[in-house]
Amino acid sequence: MMTDTTMSAPSKTKSKSSRPGTLALLLNNTLATSGLVVLVLICLIALAAPILPLADPDVTAPADRLLPVFAEGHLLGTDHLGRDILSRLIWGTRVSLAVGLSATIIAAFFGSLLGLVAGYAGGRTDTLIMRGIDMVMAFPYILLALAIVAVLGPGLLNALYAIALVNIPFFARNIRGITLGLSRREFVDAARLSGKSPVQILFLEILPNVLPVIVITMSTTVGWMILETAGLSFLGLGAQPPQADLGSMLGEGRKILFTAPHVSIIPGLMIFALVMSINLFGDGVRDILDPRLRAGSLTRPVSRTAVHRKADDIPAPSQKGGVLDVRQMRTEFEIGSSVYKAVGGVDLNLKEGECLGIVGESGSGKSVTAMSIMGLVPTPPGRIAGGAAYLDGEDLFAASDRRIRDLRGGSVAYVFQDPLSTLHPLFTVGDQLTEAITTHQPMSGSKAREKAIELLSLVRIPNAKERLSAYPHELSGGMRQRVCIAMALANDAKVLIADEPTTALDVTVQSQILTLMNGLRRERNAAILFITHDFGVVSALCDRVAVMYAGRIVETGTTEEVLANPRHPYTAKLIECVPVLGEPERRLDAIEGRPPVVNNLPEGCAFAARCPHAQAACRAGEIGLEMSSDTRGVRCLFPLNSGASA
Amino acid sequence: MNQISQKPMDSEALLTIRDVERIFGGGRKLFGGQLPAVHAVQGLSLDVKKGETLGVVGESGCGKSTLARLVVGLDLPTSGSITFNGEDLAALARKDRNALARKVQYVFQDPVASLNPRKTIRTILEAPLKHLTDLKADRREARLAELLQAVNLAPEFLERYPHEFSGGQAQRIGIARALAAGPELIVLDEPVSALDVSVQAQVLNLLDKLKDDFGLTYIFISHDLSVVESVSDRVAVMYFGRMAELGPAKEIFRHPLHPYTDLLMRSAPAPGRHDLMSEDASTELPDPYNPPKGCAFAARCAHRTETCIAGKPSPDESKAGNNHIAACYHPLGKA
């Protein structure tokens, strides 16, 4: 039954480069690219110094001292000893770059090592290492560097050591934090159970995951290191005469700043260009490598999903009426060069006090459907590509942003899966509830408070008055979800959209929440759109159910009808997969294969590839949702039990 | 694998847990004083017989994951003993962790998080073969092929990275890794709760088949009663770090003794079921820092009496034939 479900590798190779690559992303960032160009240019010139036709940087010519810029034979003039500034600048840049880079590498190596060991070992080792690091950090860095140079004696190499040492804490603290998080992860436990020793785990399992962070930290510190080297050289503690280095050039030119400004301004500008280009490039690298930023949080969030639909392609409201009427809604995500059709033409209809369940597996588009209705799908990459959603006859996709803001949390309210991440951790439950109330209904603080207490009692929270001053972390999961429901009900919502509200909860708490929601919709006559993957939960609460697969509704009907007599093969299979309490002997019937990826939907029925009853006709043309009665419909050419009781 | 199948199947205890306790926190503060302590697992005694599947059910915070980590040696008990084939597990874990890992393995709840994102599947699956067995390189290669075959994955998956897999496939890889060194006991910590229902059925069927093929013993931990019922021979119900009820799966689900088991069963939603049992909102888990003196479930229990609040019932306070025990003074189904 389940053999070669995954024996044949799916066609994964085809759309390999649908996401833009790292380099493409970098080039897309103008500032980072210009930083890179300047940096590469400077590095090339500095590297080429020995083969360029330059004057010897250390040869003095007192007769030609302090020549201005563009003087004969000296493009950038000469300094107070008659040395060619251009030559000294290029050779000096070489030194500064070399020192900055090696100091970074030394600091990164030792800092990361300390951080890794401290983060992984924990306990006393961690305390010991980190308190040592704290002590280094507690000194002003320049003072510490000065002290080190004072002990070791001035010189470029000693300045390098000093700067590297001063920067070790920066790496150590950063890397320790990351390691600490990683070493509590399951794959580390798994490696331990695979027989790996702590050293192997640290360097073979954790280090590869920390490496990007080390690179990011390095890219953002190189510029800073170069500045620090220049600072020490400026004070006469780094490069010793006659060796050229950007800092020492600046220091020497300082004395004659007013008589011959170009002697100090030119190295100053070079330091500026170098550090600026490194920082711009480093920021670009960080944005690309940092997974948190890569996920799209760098794009400016838009308050509402973009709507791209043709003016002549807006379906009229259906004849059924109802509070919420979704018609042919399509939502797409454009990622790289491919378009993911997450929702491909969904019709929903909700009447007052009715509960409609949307059931589907992960990736079936049920959450996107729910989020699209009030424009909560992030843009980019998401957009509403067609269809309409009518709330009491008003087209939500055509409404103004202002109107949508009023409706959100007002007439249409959401309850999400994870109440801990929905509630703000720094405000009390009471603050958040009163805010939800006063945003939509202007009223005095004390009145809003009364209303908040009333709402908390409505969702059966004991001691409502005391609970107002509780923070979310002080409440249990079930209590938090009750608070979320209270917030959703704060402004007499007509439609409540609940996206897996009980999935994160324990069974006993789940049954409490389901009972509560069922009671509330009868009391308040609110319509509920309930999204879940669990047919058991649907039975407990929903009047009607719509089964989604690959972004479309494949079957709809009253809960009893669909459960007792599923007509789409997918629905039937899905119900058979669920183990039922009290029937342990029942063999679980798995569905072979995997759902199609929505950027590459097959022609015809999306389920055909996994369907035991599929025929040639299933793989061609559009298959409509055939409604056999007012509520019952199935998107299948050869539905099950067609002759029997349907 | 071979050495396992040679042993005859019998019902002797493979794993024995006696009065195990695990306390978190409770250390001393820098300037005297005691840090607050939580009893994650308390007074737990339990046998796992060779060749059986023991289901462990309970809600979040009941200590079932702590129990799992204790059994595989990722954590050590504060007091009490766990013996595997007569050998003390804590001593073994301290002395030779790899010897323990050869006998007891673990399958994680979140299949994707349990695979290192920067390693290929080959590196991940080779690790236990390298460190836990003394197979030569060519035999390892053959073993890898066997493992993939056993969990129904295509050989070309070896060179891929974890993020290229769906949850179900990743869990098969996790199972293959647990099988690699030929363990006798596998602890499955919520192995299907992160998966879609259709995939869940695939993985459950696979686990069933592997158990028969390799003569394995399972400890199957889950919060989902229907899943536990469909896979287990015996079931342990845990509440607040203690055993509430222990017995053959059929008896527990047909005639639960402990009111908590009954509550769990009546709370579980099922297709076609409308009337969910629902308690009052005020019923909450007891505060772990300030545990009640008596039965931890008493505050939620309809049958509680003075006895329940005064003292804790012993794990075998009430019995009903065939090794069915419950920690309850007033078991259900008895007058």
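Worth a mention:
- From the options B:148, B:153, residue that is within 11 Å of another protein chain (Cβ to nearest Cβ), assigned to a helix (DSSP H, G or I) and among the aliphatic types (A, V, I, L, M): B:148
- Some residue of the range A:321-332 being assigned by TED's automatic domain parsing to the domain that holds residue A:391, more than 30 Å from residue A:560 (Cβ to Cβ), among the charged types (D, E, K, R) and assigned to a strand (DSSP E or B): yes
- Scanning the range B:118-136 for residues that are more than 7 Å from chain A (Cβ to nearest Cβ) and either surrounded by fewer than 22 Cβ atoms within 10 Å (Cβ to Cβ) or of a type in the set (Val, Ile, Thr) (or both) yields B:119, B:120, B:121, B:122, B:123, B:124, B:130, B:133, B:134, B:135, B:136.
- Listing of helices (runs of 4 or more DSSP H) fully contained in the range A:181-291 that carry 1 or more residues being more than 30 Å from residue B:97 (Cα to Cα) and either among the small types (Gly, Ala, Ser) or modelled with pLDDT of 90 or more (or both): A:207-234, A:246-254, A:262-289
- Entry remark, the range A:512-563: residues being in a helix (DSSP H, G or I), of a type in the set (Val, Ile, Thr) and farther than 16 Å from residue B:268 by Cα number 2 in total.
- Filter result (in a loop (DSSP other than H, G, I, E, B) and surrounded by 13 or more Cβ atoms within 10 Å (Cβ to Cβ)) within the range A:53-67: A:54, A:55, A:57, A:58, A:60, A:61, A:65, A:66, A:67
- Contact map, the range B:66-86: residues that are assigned by TED's automatic domain parsing to the domain that holds residue B:188 and at pLDDT 90 or above paired with residues that are among the acidic types (Asp, Glu) and surrounded by 22 or more Cβ atoms within 10 Å (Cβ to Cβ), Cβ distance under 6 Å, separation 6+ or inter-chain. Pairs shown: B:68/B:189.
- Subset of the range A:565-582 (residues that are more than 8 Å from chain B (Cβ to nearest Cβ) and either closer than 14 Å to residue B:224 by Cβ or among the β-branched types (Val, Ile, Thr) (or both)): A:571
- Test: residue in the range A:384-400 that is assigned to a strand (DSSP E or B), more than 25 Å from residue A:313 (Cβ to Cβ) and in contact (Cβ under 8 Å) with a residue 60 or more places away in the chain: no
- Residue B:222 being over 22 Å from residue B:102 (Cβ atoms), touching a residue at least 12 places away in the same chain (Cβ under 8 Å) and assigned by TED's automatic domain parsing to the domain that holds residue B:39: yes
- Selection status of residue A:601, facing chain B (nearest Cβ under 8 Å) and surrounded by fewer than 22 Cβ atoms within 10 Å (Cβ to Cβ): no
- Considering the range A:457-479, the residues that are away from chain B (no Cβ under 12 Å) and in a helix (DSSP H, G or I) include one that is surrounded by the fewest Cβ atoms within 10 Å (Cβ to Cβ), namely A:473.
- Only residues that are farther than 17 Å from residue A:414 by Cα and of a type outside the set (Val, Ile, Thr) were counted across the range A:495-509, and they come to 2.
- Criterion: modelled with pLDDT under 90 and either surrounded by fewer than 23 Cβ atoms within 10 Å (Cβ to Cβ) or more than 10 Å from chain A (Cβ to nearest Cβ) (or both) - qualifying residue of B:198, B:278: B:278
- Lone unmet requirement of (1) without any contact (Cβ under 8 Å) to a residue 40 or more places away in the chain; (2) touching a helix residue (DSSP H, G or I) at 6+ places or on another chain (Cβ under 6 Å) for residue A:506: (2)
- Qualifying residues in the range A:355-365 (those that are at pLDDT below 90 and out of contact with any helix residue (DSSP H, G or I) (no Cβ under 7 Å at 6 or more places or on another chain)) - the one surrounded by the fewest Cβ atoms within 10 Å (Cβ to Cβ): A:362
- Summed over the range B:66-100, residues that are of a type outside the set (Asp, Glu), closer than 19 Å to residue B:41 by Cβ and not in a helix (DSSP H, G or I) total 11.
- Considering A:202, A:207, A:180, the condition of being in the same structural domain as residue A:266 (by TED's automatic domain parsing), touching a Gly at 6+ places or on another chain (Cβ under 6 Å), in contact (Cβ under 8 Å) with a residue 60 or more places away in the chain and more than 30 Å from residue A:270 (Cα to Cα) is satisfied by A:180 alone.
- One residue from B:167, B:247, B:215, B:241 being buried (at least 21 other Cβ atoms within 10 Å of the Cβ) and either among the β-branched types (Val, Ile, Thr) or farther than 20 Å from residue A:508 by Cα (or both): B:247
- Once the range B:223-240 is narrowed to residues that are at pLDDT 90 or above and away from chain A (no Cβ under 11 Å), the residue that is nearest to residue B:211 (Cα to Cα) is B:234.
- Looking only at the range A:380-409, and only at residues there that are buried (at least 18 other Cβ atoms within 10 Å of the Cβ) and of a type outside the set (A, V, I, L, M, F, W, C), the one that is farthest from the chain's Cα centre (by Cα): A:390
- Of the numbered criteria (1) under 30 Å from residue A:564 (Cβ atoms); (2) outside the structural domain of residue B:12 (by TED's automatic domain parsing); (3) part of a helix (DSSP H, G or I), the one residue B:200 fails is (2).
- The listed residues are B:190, B:159, B:164, and the only one of them that is more than 10 Å from chain A (Cβ to nearest Cβ) and over 23 Å from residue B:100 (Cα atoms) turns out to be B:159.
- Boolean, residue B:294 is in a loop (DSSP other than H, G, I, E, B), more than 14 Å from every other protein chain (Cβ to nearest Cβ) and modelled with pLDDT under 85: no
- Selection within the range B:101-117: residues that are part of a helix (DSSP H, G or I) and out of contact with any Phe, Trp or Tyr (no Cβ under 9 Å at 6 or more places or on another chain). The member of this set that is nearest to the other protein chains (Cβ to nearest Cβ) is B:101.
- Of the residues making up the range B:307-320, one or more are β-branched (Val, Ile, Thr), over 28 Å from residue A:585 (Cα atoms) and modelled with pLDDT of 85 or more.
- Residue B:325 meets all of the listed conditions (1) buried (at least 19 other Cβ atoms within 10 Å of the Cβ); (2) within 25 Å of the chain's Cα centre (by Cα); (3) assigned to a loop (DSSP other than H, G, I, E, B) but one, namely (3).
The values are calculated or read from the model by the stated rules, or taken from the named source; none is laboratory data. Predicted model, so just to flag it, every value in this text is computed and none were measured. Note: ideal-geometry Cβ built from the backbone for every residue, glycine included; neighbour counts use all protein chains shown.
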